[in-house]
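**Q** Quick one: structure below, then a few questions.
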Amino acid sequence: MLAALFFVPVLAGLAAFVIRSHPVRRSVLLAAAVAHTALTVRVWLRPPASPVFDGLLHLDELGMLFLGITSLLFLAAAIYGVGYLRRENPEPRQDFEEGLLFVNAPEGIFTGCLLLFLAMMTLVCLSGHFGLTWVGVEATTLASAPLIYFHRHTRSLEATWKYLLICSVGIALALLGIFIACIAATDANGATIPLLTAELVRRASSLNQVWLKIGFVFLLVGYGTKMGLAPLHTWLPDAHSESPSVVSALLSGALLNCAFLSILRMHQVLVAAGCGAFGQDLLVLLGLISMGVAAIFIIGQQDFKRLLAYSSVEHVGILALGVGLGGVGVYGSMLHAVNHSMTKAMLFLVAGNILAAYGTKSCMQVRGVLSVLPISAVLWLAGFLAVTGSPPFGMFLSELTILKAALDQGHILAAVLYLVFLGMIFVGMASVFLGMAQGESSLPEDTRTPRETVLSILSPAVLGLIVLVLGLWIPAPVQNLLQQAAKALGGF
Amino acid sequence: MQAWTDLILIAIVLTNLALSGLGSLGTCIHVMALQGVLLGLVTVGVQQGAVSLHGLVLVTGTVVIKGFVFPKLLRRAIREANIRQEVEPFVGFSSSLLIGTLSLPLAMWLSSRLPPIDPGVPSLLVPVSLHAIFVGLLLIVSRRKAVTQVLGYLALENGIFVFGVGLARQATLLVEMGILLDVFVAVFVMGIAIFHISREFDHIDTDQLSLLKE
């Protein structure tokens, strides 16, 4: 069952490379996404009894939570993606920023890489072995690089190169961290513990703490690059703003989480070995730096997709902060991961609709979305409220929980900084979002044809609804999963 | 066996020094190929005579991919992208050679500060791998061309590889092959990206990739 979760998208992806008919390929994309979600629901309801392949694939609560997020987001992205691919013009056309002509990458490559990207994220969620997790994370970089370069113009190429190089170097350092963890798992007689998460946690008391801490630092820097924690985030705003919106949604909503999960795996071992406090301090520090950097760049941001990208830097900071604070903060962080993924994916998808209608990413040139794209505008405003943590949306709850954790643990300085940064970001985002939605339309009268289709509205609307519901009521199975995941990380 | 392993490790240091000082792209790629073969030999050396199927597959894979496939890929990228043969550093050759040389004592000092490891591991292994990592990072930040940045990435990766084969013995074959495959695909994808960069920009100077900034 676990192997099927990985191989379904792999096979579908390979098929997408060779299928020539557009409708057939798009159906394969949809079918694979539906099958993946169905399999995910199945393993959630009836968890597989034992790990497979000598523990290489091992689904625990933490993995299940992130697998669920990934699968749901991919389904939403696939539905939106079919509509997106239909409306993309395959002919050479003018780039709206520099006026040069550009074409799209072949759709077969795009769809194939999208599915392989899903397969690799699934591998990261399912992996029970640190080496295999590394293989998966690096493979997500390679599978997603061609996606960023879908629109073949100079800016997306620059973003792709930065993404490839910075993330590959970062992830290489994570590999060094894993090798160092191997030393920590070797005792004086040369006997070794296999690098399986479950084994390491079980026999954590016999690990060498000094080596384990050194390994964690490298791993945090490595995967932290991929997760977008400041000051290692430099690739993120470029890649997220230059890729097609459907890809940005997946990068922000699913990929950052996978990198986060890879850090959490090591943190789990650290907690079990009794030096969790060391990792927590580092996470709090990086979390606060990320929020601060994001707040600075969000204020006065002119490009609405970059704005969303910096908001992702902010939210990965909150995720790290929550786990770093410990206690109830870990639960808050898990809940925040779910909320952030749904909200950010929804916003990127709506941003794609706005971009398609207005042909610009500049917030100053987009006015009157309410009159041009009424449904998208409502979703855009709802997304704004959700992403800044306003009630009644889910993020209000998770951000409040993390604040409570900070106060509980006596981190008064962290709590104050957290509130200041959240306030700055709220103001910065409010001016952009409200300005774009309201006012007289900046588009000429004759181009105001109906542009909203069911496919372009359905996914973001459903994601928005989920965030709204999560703010009011968390279903018992989800609540249970979140609590189990938090418990595995030493929180509650 | 120990003496041989030490000799190979010293040879790896020399290849890294050469990388930090050489001015011709073609020669750099030759040196990189040589380093790949040396890596395979280190793998044999640290296994201390015990031949296993696992070890054999790993050695063959390393030598073939790092010694032959990567140089071929890089040379093809250079040919197709029509790149001139100079390295074009931001930092001059003599100063980067100096930095490369000075990072060797730094690596020695750092590894002497680390907690003790298994005495069966060659004492030069950790300093050599740290040195390779430093040189890799140096090449990435101090060179203008995208191809040289890939060479830097490979030097970094090789340094980590040396560390891994010497100290991390519990990795399974599947995972090791996965790592090798990932690095292979990474270089392959970077090669394609270089080709596109040269076509879009008429050069592969990464300092000109500066449209995206605040």
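The values are calculated or read from the model by the stated rules, or taken from the named source; none is laboratory data. The model shown is predicted, which means the values in this text are computed figures rather than measured ones. Neighbour counts are summed over all protein chains in view; Cβ atoms, including those assigned to glycine, are modelled from backbone coordinates with ideal geometry.
**Q** When the range B:109-135 is examined, which residues are found to be at the interface with chain A (Cβ under 8 Å from one of its Cβ atoms) and either closer than 21 Å to residue B:180 by Cα or crowded, with 22+ Cβ neighbours inside 10 Å (or both)?
**A** B:133
**Q** Answer yes or no: is there a residue in the range A:226-239 that is in contact with a strand residue (DSSP E or B) (Cβ under 7 Å, 6 or more places away or on another chain) and within 10 Å of chain B (Cβ to nearest Cβ).
**A** no
**Q** Suppose we keep only residues that are within 9 Å of chain B (Cβ to nearest Cβ) and part of a helix (DSSP H, G or I) within the range A:144-154. Which one would you say is surrounded by the most Cβ atoms within 10 Å (Cβ to Cβ)?
**A** So, considering only residues that are within 9 Å of chain B (Cβ to nearest Cβ) and part of a helix (DSSP H, G or I), the one surrounded by the most Cβ atoms within 10 Å (Cβ to Cβ) is A:145.
**Q** So, one more: Give the residue that is surrounded by the fewest Cβ atoms within 10 Å (Cβ to Cβ), with candidates limited to residues of the range B:184-196 that are β-branched (Val, Ile, Thr) and within 8 Å of chain A (Cβ to nearest Cβ).
**A** It comes out as B:185.
**Q** Are any of the residues in the range A:318-330 closer than 30 Å to residue A:276 by Cβ, part of a loop (DSSP other than H, G, I, E, B) and either in contact with a helix residue (DSSP H, G or I) (Cβ under 7 Å, 6 or more places away or on another chain) or at pLDDT below 95 (or both)?
**A** Yes, the range A:318-330 has at least one match.
**Q** Those residues that are over 24 Å from residue B:185 (Cβ atoms) and facing chain B (nearest Cβ under 7 Å), I need them from the range A:163-184; list them, please.
**A** A:183 - this is the single residue of the range A:163-184 that is over 24 Å from residue B:185 (Cβ atoms) and facing chain B (nearest Cβ under 7 Å).
**Q** For residue A:251, indicate whether it is on the phi < 0 side of the Ramachandran plot and out of contact with any Cys (no Cβ under 7 Å at 6 or more places or on another chain).
**A** The answer is yes for residue A:251.
**Q** Of the residues B:204, B:197, which is at pLDDT below 85 and in contact with a Lys or Arg (Cβ under 6 Å, 6 or more places away or on another chain)?
**A** Answer to the check: B:204.
**Q** Something else: Quick one: residue A:389 ticks every box in (1) at pLDDT 90 or above; (2) in a helix (DSSP H, G or I) except a single one, so which number is it?
**A** Tallying (1) at pLDDT 90 or above; (2) in a helix (DSSP H, G or I), residue A:389 fails exactly one: (2).
**Q** Continuing with the same structure: Pick from A:141, A:160, A:197: which is touching a residue at least 60 places away in the same chain (Cβ under 8 Å) and under 20 Å from residue A:488 (Cα atoms)?
**A** Details: A:141 fails: under 20 Å from residue A:488 (Cα atoms); A:160 fails: under 20 Å from residue A:488 (Cα atoms).
Only one candidate qualifies: A:197.
**Q** Let me ask something else about it. Output the qualifying pairs, or none if there are none: Cβ atoms under 8 angstrom, residues six or more apart or on different chains, first residue in the range B:197-209 and more than 9 Å from chain A (Cβ to nearest Cβ) and surrounded by fewer than 20 Cβ atoms within 10 Å (Cβ to Cβ), second residue charged (D, E, K, R) and part of a loop (DSSP other than H, G, I, E, B).
**A** From residues that are more than 9 Å from chain A (Cβ to nearest Cβ) and surrounded by fewer than 20 Cβ atoms within 10 Å (Cβ to Cβ), the pairs are B:205/B:88; B:205/B:144; B:207/B:144.
**Q** A further question follows. How about the range B:22-81: which of its residues are more than 23 Å from residue B:167 (Cβ to Cβ), free of Cβ contacts under 8 Å to residues at least 24 places away in the same chain and not aliphatic (A, V, I, L, M)?
**A** Matches in the range B:22-81: B:27, B:72, B:79.
**Q** Can you name the number of the only condition in (1) assigned to a helix (DSSP H, G or I); (2) farther than 19 Å from residue B:36 by Cβ; (3) touching a residue at least 60 places away in the same chain (Cβ under 8 Å) that residue B:120 fails?
**A** (1)
**Q** Could you pull out the residue among A:101, A:85, A:114, A:118 that is touching a Pro at 6+ places or on another chain (Cβ under 6 Å) and under 26 Å from residue A:454 (Cβ atoms)?
**A** A:118
Let's see how each residue does on (1) under 22 Å from residue B:13 (Cα atoms); (2) in a loop (DSSP other than H, G, I, E, B); (3) of a type in the set (Ser, Thr, Tyr):
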| position | (1), (2), (3) |
| --- | --- |
| B:64 | yes, no, no |
| B:70 | yes, no, no |
| B:78 | no, no, no |
| B:84 | no, yes, no |
| B:98 | yes, no, no |
| B:101 | yes, no, yes |
| B:104 | yes, no, no |
| B:110 | yes, no, no |
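**Q** Please go through the range A:289-325 and pick out each residue that is buried (at least 24 other Cβ atoms within 10 Å of the Cβ) and among the β-branched types (Val, Ile, Thr).
**A** Scanning the range A:289-325 gives A:298, A:313, A:316, A:318, A:323.
**Q** For residue B:77, indicate whether it is within 14 Å of chain A (Cβ to nearest Cβ) and over 30 Å from residue A:188 (Cβ atoms).
**A** Here the answer is yes, as residue B:77 does meet what is asked.
**Q** Of the residues B:167, B:173, only one is more than 8 Å from chain A (Cβ to nearest Cβ) and touching a residue at least 24 places away in the same chain (Cβ under 8 Å); which?
**A** B:173
**Q** Consider residue A:38 against the criteria (1) without any contact (Cβ under 8 Å) to a residue 12 or more places away in the chain; (2) farther than 24 Å from residue A:345 by Cβ: it satisfies all of them except one. Which criterion is unmet?
**A** (2)
**Q** Answer yes or no: is there a residue in the range A:216-223 that is more than 13 Å from every other protein chain (Cβ to nearest Cβ) and either of a type in the set (Asp, Glu) or without any contact (Cβ under 8 Å) to a residue 60 or more places away in the chain (or both).
**A** There is no residue in the range A:216-223 that is more than 13 Å from every other protein chain (Cβ to nearest Cβ) and either of a type in the set (Asp, Glu) or without any contact (Cβ under 8 Å) to a residue 60 or more places away in the chain (or both).
**Q** While we're on this one: Quickly run through the range A:359-378 and pick out the residues that are surrounded by fewer than 24 Cβ atoms within 10 Å (Cβ to Cβ) and assigned to a helix (DSSP H, G or I).
**A** Taking the range A:359-378 as the starting set, the residues that turn out to be surrounded by fewer than 24 Cβ atoms within 10 Å (Cβ to Cβ) are A:359-365, A:367-368, A:370-372, A:374-375, A:377-378.
Correct list: A:370, A:371, A:372, A:374, A:375, A:377, A:378.
**Q** Between a first residue in the range A:394-411 that is surrounded by fewer than 17 Cβ atoms within 10 Å (Cβ to Cβ) and a second residue that is of a type outside the set (Val, Ile, Thr), which pairs have beta carbons less than 7 Å apart while being 6 or more apart in sequence or on different chains?
**A** A:407/A:415; A:408/A:327
**Q** Let me ask another. Got at least one residue in the range B:32-42 being under 18 Å from residue B:12 (Cβ atoms), more than 16 Å from the chain's Cα centre (by Cα) and at pLDDT below 90?
**A** no
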